[in-house]
Amino acid sequence: MVILSAHAFAGGPKINIGALDDYLPGNTSSIMKQIRNEGDETGFLKIEVKRITFDAHDRIHESPQADDGAMQNRLIVSPNRLIVPPNGARGTRMLYVGKRDEEQYFRVRYLPVAPSRKAGFDVSPDVEKKFADAGVSVMIGYGEFVTVRPTHERYDTVFRQTPGKLVITNRGNSTVILERYRVTAVAHDEPDTSGRMLVLPGRQVEVATSALKQLDFDLLEGEKTTAKHFAFAS
């Protein structure tokens, strides 16, 4: 299970990266993403990409992509520097180059920086000086989780109920999403606030059901959505 979160700037540029998780389907090599600035000052962003792996306990480990000049087996985000005008937007393209025999994961961060030619921005010396004189307050970046699905996606989600427990197993080769995940406790008539859960390929989720009346969610397997409902004996 992967939990995603976002942070916001305290002032100045108000950057909105949209969805905090994006998926590159197996039948395409790239996707486009819009980065918006809802503030009244120009935003200057540097884009950082790191590869993600999971250990046996689903803990996330990040590592830099290989810096060997090769353009294979990597996620490329272009452009990797953005100047987003006030109340405007700029687009980026995410492209994966290399074999896609199995699912891969990346963290893409949009980091606000003071503009300078040294940082890769085509700005004038006057602009550099203006921002240097103003100083830089606390600026917080935005991160998203990018899943690169295998070329040949295969889905096989298995549900097994035992006394007091529901086991959800992903026997396919690509992540499945439990969207609008909501549980209703035995003593309640209405479900709790909905959330979402990700089940990685080869992994399983166990749901304790002894205190539940029912469980509902939409199962997303690639482009296919299936409404799921489970009722439990009180």
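Laboratory data are not the source of any read-out in this text; all were calculated from the coordinates shown. Keep in mind the model is a prediction, meaning the values are calculated, not measured.
Structural remarks
- Long-range HN-HN contacts of residue 100 with modeled amide H, under 5 Å: 151
- Here, the chain yields an orientationally averaged convex hull projection of 15.5 nm² when only Cα atoms define the hull.
- With Cα atoms, 0 to 90° folded angle of helix 125-134 axis to the chain main axis: 60
- Residue by residue, region 191-202 carries 3J(HN,Hα) couplings of x, 5, 4, 6, x, 8, 9, 10, 10, 6, x, x Hz when phi is fed to the Karplus relation 6.51 cos²θ - 1.76 cosθ + 1.60 (θ = phi - 60°); x denotes Gly or Pro.
- Gained length - residue 218 relative to residue 21, 0.36 nm times residue gap less alpha-carbon distance: 69.2 nm
- Kirkwood hydrodynamic radius of region 194-234, from inverse mean 1/r over distinct Cα pairs, in Å: 11.9
- For the chain: relative contact order, % (alpha-carbon pairs under 8 angstrom, 6 or more apart): 19
- Judged by the gyration tensor of its Cα atoms, with axes a ≥ b ≥ c, region 157-231 is oblate; a/c meets the 1.5 cut and b/c is at least as large as a/b.
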